[in-house]
Every structure is written in C-alpha cells, then in structure tokens.
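One structure below.
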Amino acid sequence: MPLVINHNLMAMTAARNFGVSYDALYKSTTRLSSGMRINSSADDAAGLAVSELMRAEIAALNQGVRNAADAQSMIQTADGALSVIDEKLIRMKELAEQSATGTYTSVQRTIMNNEFVTMRSEISRIAEATRFNGVQLLNGSITATSGSSSGMKIHFGPTNLLAEDYYYINISSATASSLGINSLSISSQSSAQTALTTITTAIQSKDTIRANLGAYSNRLSNTISQLSIQAENLQASESRIRDVDVALEMTNFTNNQIKSQAAIAMLAQANTLPQMALTLIGG
C-alpha cells in the first residue's frame, strides 16, 4: 500500500472494523440488559413472529386456567347451597315420618306442617337466591333446553373448537317445584305417608344434581392441570426462541468489547501514520 496524504486508508479500515465491533457490543449490551435475544424485528424477524404467536396463546391459556377455576368456584357455590337444601329435605322427611304415625292429633300435625311448609319455602328461596357473580345457579337458568346441548359455556382454550376449547355445564333446577314437593303437606296422616315417597324422590333428584356437579368439578380439575402443563411447555418453547442465553451472550460481549478496544487502539495508531510522509518530505 502506497504512503499517501490525501487519504488515511488504514484509519478508515480501523474505523470500519470498530463500527462493526461496536454495533455487536451494543447488541450484546441490549440483550443482556433486557434479558431477551430478540428486542426488535431486525434481530430475528421469523423468531419474533413465532414467539409473538406463542405469547398470545400462552396468555389465552393462562386466562383459560382462570376461567376454569372460576367455573370450579361456581360449582362449589352451587354444591354448598345444595348441601343446605339437603338438610331441609332431611328435616322434611323427618317431619313427614313423625306425622305419618297415629300417635299425634290433628292440631299437632298442623304444627308439624307449619315447619314442613317453612322448610319447603326455604328450599325454593335458596334455589332462587344462590348466585355466582350475579348468575343464578339453582333455579334452572343454566339448564339445557329440550333438544339443545347448551347450558353455561365454559371457555378455556385459545381457539373456539367445541372438542378442544370449551364445553357446557348444566345445573338442573332445585326449587321445591322442580323437586316435586311444592304442594306437599303433612297436615294429615295420609298426606304425610304420601309425602314420604315424594320426598325420597326429591332427595334422589337433588343427589343427581350434586353428583353431576362433582363430575363437572373433577373434569375442571383435569382441564386446569392440562392447561397449566400446556402453558408451561409453550412458555419454555417461547423462552428458547426469545430469551437470551446469558452465558453465551456474556462471552460475545467480552469478545466484542476486546475487539472494540483493539480497534480504537489501532485507529489511534493509524491516525499517526501520515506523519511518516512529513518525515520524508522534510528529509
């Protein structure tokens, strides 16, 4: 290379190499400070697109876990109310059994019937008053209509496919009318004897509702477990794409730092080389 004074080609080369090393050093600093390998689309356009889709699905899955957990809480609320209704039905059965025997007078049976009717009314009140987040649970509001599979839609998946992302919960009505006890009376011995069979049927109907709720609760537990595992694995995949490997990036940072320092040192040396021409001219 000739010795010239119009251009300092060595300094230009050193400056270019310094720019490359400094850009790489800046990128390493950005990655280490943010913890992410991809901080902009320029870092990895394809990786960014894939990771963004993964992040959206992870967010949906995590919300799906919360949706399923809310549904489980709703079922627990309904089951708790049914356990109280269970107590009322047992007391009604007890009163009917008491009134069915011949050792009581009509006046005494009237007193028993007053409590019996109160229990019956309380069952309907509980069924109408049991709510979760404003939704009535035990009055038939979320029961599938005839010929329909609908009820309350519990959505937990990231898309909208019936077989994968949601299913329906149906809770039958537990009012006194729905249980068939709305017109029962134990004011006479014969009516009390009739009430015994009807109340037994009502208890069986109530037990069927509670059994269905138990099945829903178990299914939701499995759903929550599966969604949590899916979100965890997807998060791991997204992390491998987007997050920085600190050990590797620290190695790159150190390497680029050394290169930048060396380029600066050589740039300083290259800037002194044109002075050699002055030595020749002076000679």
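Derivation of every value follows stated rules applied to the coordinates shown; laboratory data play no part. This one's a predicted model, so the numbers in the text were calculated from it and none came from an experiment. All Cβ positions, even for glycine, are placed from backbone atoms using ideal geometry, and neighbour counts span all protein chains on display.
What the table shows:
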{"quantity": "Gain in span if fully extended, THR208 to ARG55, counting 0.36 nm per residue against the direct Cα distance", "calculated": "50.9 nm"}
{"quantity": "Residue of ALA14, ALA59, ALA202 that the Gaussian network model of the chain assigns the largest fluctuation, springs spanning Cα pairs under 10 Å", "calculated": "ALA14"}
{"quantity": "Chymotrypsin sites (Phe, Trp or Tyr not before Pro) within the range 165-235: DSSP coil, no more than 16 neighbouring Cβ in 10 Å", "calculated": "none"}
{"quantity": "Length released on extending from TYR26 to SER228, taking residue separation times 0.36 nm less the Cα-Cα span", "calculated": "69.0 nm"}
{"quantity": "Nearest-ten-degree value, helix 189-242 long axis tilted from longest Cα axis of the chain", "calculated": "0 degrees"}
{"quantity": "Kirkwood hydrodynamic radius (C-alpha pairs) into Stokes-Einstein, the range 45-242, 25 °C and 0.890 mPa s, D in µm²/s", "calculated": "126 µm²/s"}
{"quantity": "Using a Förster distance of 25 Å, the FRET efficiency for HIS155-GLU128 (Cβ separation, nearest 0.05)", "calculated": "0.40"}
{"quantity": "Size of charge dipole - the chain - debye, nearest 20, with Cβ of Lys, Arg +1 and Asp, Glu -1, no other charges", "calculated": "180 debye"}
{"quantity": "Rounded tilt (10° steps) of 9-34 against the dominant C-alpha axis of the chain", "calculated": "20 degrees"}
{"quantity": "Inter-label distance, nm, simple model (7 Å from Cα along the C-beta direction), LEU9/SER237", "calculated": "5.3 nm"}
{"quantity": "Highest to lowest packing among 264-270, 159-165, scored as the average C-beta count within 10 Å", "calculated": "264-270, 159-165"}
{"quantity": "Cα-based helix-to-principal-axis angle, 246-270 vs the chain, degrees rounded to 10", "calculated": "20 degrees"}
{"quantity": "Per principal axis, descending, Cα span of the range 62-120 in whole Å", "calculated": "64, 16, 7"}
{"quantity": "Average Cα contact separation per residue, the range 45-242, under 8 Å, 6 or more apart, as relative contact order %", "calculated": "33 percent"}
{"quantity": "Cβ-based charge dipole, the range 45-242, positive-most Cα from GLY47, SER190, LEU234", "calculated": "SER190"}
{"quantity": "Reachable lysines, given that their alpha-carbon falls under 24 Å from the alpha-carbon of LYS88 and they are not under 8 places away in the same chain", "calculated": "LYS206"}
{"quantity": "Two-site label geometry, ASN255 and LEU273: point separation in nm, points 7 Å out along Cα→Cβ", "calculated": "2.6 nm"}
